[in-house]
Amino acid sequence: MAKYIEGSSFRSFVEIRDPQTKALFDPEQVEFRLKNPAGAVTAIEPVRTGTGCYEVRGVLNMAGSWFRQWKISGSAVGVDESVIIVRASQFTTQ
């Protein structure tokens, strides 16, 4: 579980490896989805940074529990999900 302050930028990355050989590989499809505390789901296009390596970046603009999901499909399938906790800043901006 990751923790952030409201308005923070985030980076999420994934390495995709063959379960038997542990070698990095590119699946046919890589998806990333982010669900905000209000329940709105946004798909963010992953950026390939190398063989089997992908990342996304965004801004967490609402306090509460966010959920992120990486999903691969094709000849190999897999899903990884986790919670991102975002809290309101203790300081006000003027």
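The values are calculated or read from the model by the stated rules, or taken from the named source; none is laboratory data. What you are looking at is a predicted structure, and each value in this text was computed from that prediction instead of being measured. We place every Cβ from the backbone using ideal geometry, glycine too, and count neighbours over all the protein chains shown.
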Original post:
Do you know which of the residues in the range 40-64 that are in contact with a Gly (Cβ under 8 Å, 6 or more places away or on another chain) and assigned to a loop (DSSP other than H, G, I, E, B) is surrounded by the most Cβ atoms within 10 Å (Cβ to Cβ)?
Top reply: 44
Original post:
Does residue 67 satisfy the condition of being aromatic (Phe, Trp, Tyr), part of a strand (DSSP E or B) and in contact (Cβ under 8 Å) with a residue 60 or more places away in the chain?
Top reply: no
Original post:
Does residue 80 meet the test of being loosely packed, with under 15 Cβ neighbours inside 10 Å, within 12 Å of the chain's Cα centre (by Cα) and acidic (Asp, Glu)?
Top reply: yes
Original post:
Does residue 43 meet the test of being closer than 23 Å to residue 1 by Cα and among the small types (Gly, Ala, Ser)?
Top reply: yes
Original post:
What pairs come up if the first residue lies in the range 24-48 and is more than 13 Å from residue 73 (Cβ to Cβ), the second is assigned to a loop (DSSP other than H, G, I, E, B) and among the hydroxyl-bearing types (Ser, Thr, Tyr), and their beta carbons are under 7 Å apart, counting only those six or more places apart or on different chains?
Top reply: 24/51; 25/51
Original post:
Would a scan of the range 1-14 turn up a residue that is at pLDDT below 95, in contact with a strand residue (DSSP E or B) (Cβ under 8 Å, 6 or more places away or on another chain), among the hydrophobic types (A, V, I, L, M, F, W, C) and in a loop (DSSP other than H, G, I, E, B)?
Top reply: yes
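Pick out the one residue from 37, 19 that is assigned to a loop (DSSP other than H, G, I, E, B) and at pLDDT 95 or above.
Answer to the check: 37.
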